[in-house]
Amino acid sequence: MGITFLSFFPGLFHSQEYAFFLLLAVALYLAWVERINPWIRTPIDLPLLGFVGWVLCTVPFAADPAYSFSEWRKLVAQVLVFYWTMFVLRSHRRSELSQQIVWAVVLGSLVLSGFALVDFVLHGGTWRDRLVRAGAPYSDYNWLTTYLVLVIPILIGWVVIHRTFGARALGILTLVMAGFAQVASYTRAGWVAHLAQAVGFGLMAGRHRLVIWVLAGAIAMGGGLFAVSEIGYQRSTVDPWTISARVKTWRLGLHQVVQHPLVGVGYGNDTFLKVHQAEIEAEKGKSAMEKVLPGLHNTFAIVLMGSGVPAIILFIWIFVRIVSALTRQWRRSTAAETQGILVAVAVVTVGFATRNLFDYMFAGSLAHLFWILVAVGLCSMRPQISTEAGAGDLSLNELARSEH
């Protein structure tokens, strides 16, 4: 719960990381003492471990092998967060601990949204334009909007599932504050991610009419935004320069993919800057729309350029496998609480993947929070995991002993 709550404060990431590795060491030690296998098999093992392994294989071919290896170690830390969370959840009363983690998410969202809105007001933010944008503590609007993409589906599920007045009131308050904070971030990529989440939910639930209404509403709101920009409102929000700069930058990245399709030029966000330093320096005097950005601003493009075509196939497979596994179990489940967790995490995954199409946000405490939520979702589908796990799962005797 503490690790989950700390995930909402990017400035405390190193403290969170130290605490995690300490808890990981304690977990492994207790597993050894109690003779419990800490390895928990999941439906995403093959693409996830395959991705980690392939990235390591491409490190020697990187433009800067030392940097790419350091980025690979960060990737390994993220994967360890996922498997550690799986082990902790499966070694305790899963439903109770999952609920406590969701409580930590709700409280973290409340603090995050409250800070963002207060900071927005204190810095003179207005609804006229995005000269001032709401941001996360010790970070910026990009991190804030990504946090909200991760938590808003969880908050909606919380409001739908809980029947008590206090819990529902807390959920509604947090959800409303998160919605205002998302608007005040003025980050179009976050808004598009929520659109993808709504469409994704409609497709998962087989509600095609909902998909049509969502798309129609998005078109109407987009048209309204362009209309008010003509009278002086939100002109910076509709300015397309960031899109043009991204497209130009992506073309340079694609050129590297054509030259190095199998192993790429080096894993990591800063690899693009290292490879194209000359082009970026040469265009410093140009207008914002004509500049080459100092990064690809696309996690999928970073993976493709950095570690080649096999890496991007495995990376996409991870997201597809998470969503498909959770969706199948959601349709089979009859418990409302379990259904809420399963569909919320599936929708979170769709939104997080969409958000990473426009920026590199699969990093730090954001990645840790995402993997914790995925572990909570996958642990909610125990019957399927137990069938696939075989000897890697906990026996009933081991589970009872670990709980004791």
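The values are calculated or read from the model by the stated rules, or taken from the named source; none is laboratory data. Please read all numbers here as calculations on a predicted model, not as lab measurements. Cβ placement follows ideal geometry from the backbone for every residue including glycine, while neighbour counts extend to all protein chains displayed. All accessible areas refer to the heavy atoms of the entire protein, side chains included, with ligands and DNA or RNA removed. Shrake-Rupley method; radii C 1.70, N 1.55, O 1.52, S 1.80 Å.
Here are a few things to note about the model shown:
- Residue that is modelled with the lowest pLDDT [pool: residues in region 241-297 that are open to solvent by less than 20 Å² (accessible area, probe 1.4 Å), in a helix (DSSP H, G or I) and of a type in the set (Gly, Ala, Ser)]: Ala245
- Members of region 57-93 that are open to solvent by 30 Å² or more (accessible area, probe 1.4 Å) and among the aromatic types (Phe, Trp, Tyr): Phe61, Tyr67, Phe69, Trp72, Trp84
- Positions within region 194-231 being outside any helix (DSSP H, G or I) and surrounded by 13 or more Cβ atoms within 10 Å (Cβ to Cβ), in sequence order: Arg207
- Any chance Ile3 is at pLDDT below 95 and touching an Asp or Glu at 6+ places or on another chain (Cβ under 8 Å): no
- Filter result for Val238 (touching a Ser or Thr at 6+ places or on another chain (Cβ under 7 Å) and surrounded by 14 or more Cβ atoms within 10 Å (Cβ to Cβ)): yes
- Residue match in region 342-357 (condition: touching a Leu at 6+ places or on another chain (Cβ under 6 Å) and part of a loop (DSSP other than H, G, I, E, B)): no
- Among the residues of region 358-404, those identified as modelled with pLDDT under 85, aliphatic (A, V, I, L, M) and assigned to a helix (DSSP H, G or I) are Ile385, Ala389, Ala391, Leu396, Leu399, Ala400.
- Inside region 305-315, residues that are surrounded by fewer than 23 Cβ atoms within 10 Å (Cβ to Cβ) and either in contact with a Phe, Trp or Tyr (Cβ under 9 Å, 6 or more places away or on another chain) or without any contact (Cβ under 8 Å) to a residue 40 or more places away in the chain (or both) make up a count of 4.
- Among the residues making up region 354-369, those that are surrounded by 24 or more Cβ atoms within 10 Å (Cβ to Cβ) and of a type in the set (A, V, I, L, M, F, W, C) are Met361, Leu366, Leu369.
- Selection of region 189-212 for residues being touching a helix residue (DSSP H, G or I) at 6+ places or on another chain (Cβ under 7 Å) and within 13 Å of Val149 (Cβ to Cβ) yields Ala189, Gly190, Val192, Ala193, His194, Leu195, Ala196, Gln197, Ala198, Gly200.
- Some residue of region 181-201 being within 22 Å of the chain's Cα centre (by Cα), more than 23 Å from Leu357 (Cβ to Cβ) and in contact (Cβ under 8 Å) with a residue 60 or more places away in the chain: no
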